[in-house]
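Down below is the structure, laid out as structure tokens.
None of the figures in this text is laboratory data; all of them are computed from the coordinates on show. Not measured: the values here are computed from a predicted model. Here the Cβ is made from the backbone with ideal geometry for all residues, glycine too, and neighbour counts use every protein chain on show.
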């Protein structure tokens, strides 16, 4: 096994750092994505990351900047329209379908390396340059601080919007703010697992965490932990194997954790039921 | 009566003077004068769309008057006022919403405030205290989505009372509760206001569950309003004048039933009947 050798190389260290940052921010936003029923918004945002990345690649050979622009633009449109839940999904569907079409068009004009195009879709953590790494760190820090600052009102607004508004939470503002953080997080995750597989870091760890606890803070902590295990673990597995793509190992670990969490909560639920029956 | 000593005690917690609320062309109510003393229980009645909820929103600082003035404790209403508690109608939470009853109550402390989360021991002590006060201790640690409607309402009341407000605004808090829970929840609100001298404004379409508790009734109909004790307002004369059409107010046992006299007594005045029990 040549894992220790790889880990002494700067490309692997960069990748590891990026994986940690991405897991942190995805772990934090995940529970809110689920509570607010925004899985589709995450998917839509990541498709627009694809369009943006394709544009970035074509114009300036900079898919990261393009992806960030694409996701922020998308998030702003959804947020400023201020649409209600049900309408939101159809608006996302409309924009996402068109955005994908534009992305395909842009790629057809791109005559560089074909691998760059597949990297947008399936991610390539080992291709992260020095400059991109610092961009990822910066985006991650901004997003994390934003989440910490709005944690309380966002939780309140997600659980009980009417009362939160009555108590003075600015619902539209906080909804928009969360969408922008989501755009940051999706852009980050897309660098690692690719735009197609963002949900494996932005949803799956939080969904697994929810099976294990009913305490908001505890769920956030478990969700970060699961995201870390998936992203760092996936990275190490693919380094060690040499052939498995990182996004494949990350999504597999993430999925496995979810299955285990589900089985565990199912078992626990049954244990509770039987203890009630026997007592 | 004009003794200065008494004046402080009688200072109203809510004061509306010549207040008018209008959305575009539609006037909800105008020239409304209302003064509520600490510890007073006021029911707000009227057909749908007459601005009952909008009145509460004015007091929460979410709607602004077009004319007139409003004060809460001699201050302008503003968002996140700890002097004002708010209890909405019961609306079922998602079954797997990852939050416990006591977390919901804790929102009443600083849930609306931006900033880093800090563990405040005193806040959680107060959460425990108010949960005991509303009698929710046995289920406060369960996920909120697994609780019954009545249990959820108790926790929402606990949340509203956490900051020890002088004014509690209730917007149809009994809606979609069964009769037993309706009684328990209104009893809880009433006993709390007696103990802590909290003023209550209670929007409802059915006065009967709280008829024995209310001091005064504010009745809103199509821009007009009437205020007084239930005996003054809930009469055939007063309501006929307010609606501008003959109204019969019937007293059956301890209950009040309001019907449109022109309608052969078969139909109720508004789409949402004032008396829901059949």
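Taking square-rooted eigenvalues a ≥ b ≥ c of the alpha carbon gyration tensor, is the range A:3-278 rounded, prolate or oblate, where a/c under 1.5 means rounded and, failing that, a/b exceeding b/c means prolate?
Oblate is the answer for the range A:3-278, as a/c is 1.5 or above yet b/c matches or exceeds a/b.
Rounding to the nearest 10 and keeping the result within 0 to 90°, find how far the Cα-based axis of helix B:121-133 lies from the longest principal axis of chain B.
Orientation of helix B:121-133: about 50 degrees from the principal axis.
Give the separation of the Cα centroids, the range A:1-66 to the range A:155-231, in Å.
15
Roughly what angle does helix B:179-196 make with the longest principal axis of chain B, taking Cα atoms, 0 to 90 degrees, to the nearest 10?
Compared with the principal axis, the helix lies near 80 degrees.
At a 10 Å Cβ-Cβ cut-off, how would you order B:253, A:266, fewest neighbours first?
Fewest-to-most ranking of B:253, A:266: B:253, A:266.
To two decimal places, what compactness ratio does chain B give when its Cα radius of gyration is scaled by 2.2 N^0.38 Å?
Computed over Cα atoms of chain B, the ratio equals 1.04.
Measure nothing fancy, just the Cα-based angle from helix B:149-161's long axis to the longest principal axis of chain B, in degrees from 0 to 90, nearest 10.
Its long axis makes an angle of about 80 degrees.
Relative contact order for chain B: what percent, with Cα pairs under 8 Å and sequence separation of 6 or more?
In percent, rounded to a whole number, it is 22.
If R₀ is 60 angstrom, what is the calculated FRET efficiency for the pair residue B:253 and residue A:20, using the beta carbon separation as r and rounding to 0.05?
On the way: r = 70 Å, r/R0 = 1.16.
The formula returns an efficiency of 0.30 here.
Which shape class, rounded, prolate or oblate, goes with the range A:26-167 when its Cα gyration tensor gives a ≥ b ≥ c as root eigenvalues, a/c under 1.5 marks rounded, and past that a/b bigger than b/c marks prolate? Before the final figure, lay out each step's value.
Values: a/c = 2.80, a/b = 1.59, b/c = 1.77.
Cα axes put the range A:26-167 in the oblate bin.
Sort A:218, A:147 so that the residue with the fewest other Cβ atoms within 10 Å of its own Cβ comes first and the one with the most comes last.
In increasing order of surrounding Cβ atoms, one gets A:218, A:147.
Top mean-square fluctuation among A:49, A:135, A:143, Gaussian network model of chain A, C-alpha springs under 10 Å?
In this elastic network of chain A, the residue with the biggest mean-square fluctuation among A:49, A:135, A:143 is A:135.
Work out the mean other chain Cβ neighbour count within 10 Å for the residues of A:205-218 and drop it here as an integer.
3
Over chain A, what is the relative contact order in whole percent, taking alpha-carbon pairs under 8 Å and six or more residues apart?
Across chain A, relative contact order equals 30 percent.
Round to the nearest 0.05 the FRET efficiency obtained for residue A:13 and residue A:244 when R0 = 22 Å and r is the Cβ-Cβ distance.
Values: r = 20 Å, r/R0 = 0.90.
Efficiency at R0 = 22 Å is approximately 0.65.
Using a 10 Å cut-off on Cβ to Cβ distances, tally the other chain neighbours for every residue of B:104-110 and report the average as a whole number.
Working: counts 4, 0, 4, 11, 3, 1, 4.
Per residue, the average neighbour count from other chains is 4.
Among A:175, A:66, A:112, which one shows the biggest mean-square fluctuation in a GNM of chain A, springs joining Cα atoms closer than 10 Å?
Greatest mean-square fluctuation among the candidates belongs to A:112.
Looking only at Cα atoms, what is the convex hull volume of the protein assembly as shown per residue, in Å³? Please list the in-between numbers first.
Numbers: hull volume 109.9 nm³, N = 557.
About 197 Å³ per residue, rounded to a whole number.
So which residue, out of B:120, B:215, B:141, gets the largest mean-square fluctuation from a GNM of chain B using Cα contacts under 10 Å as springs?
B:120
Rank these for me by crowding, A:187, B:204, B:235, A:204, going from fewest to most other beta carbons within 10 Å.
Lowest count first: B:235, B:204, A:204, A:187.
Once a ≥ b ≥ c are taken as the square roots of the eigenvalues of the Cα gyration tensor of the range A:161-279, is the result rounded (a/c under 1.5), prolate (a/b larger than b/c) or oblate (a/b not larger than b/c)?
The shape class here is oblate.
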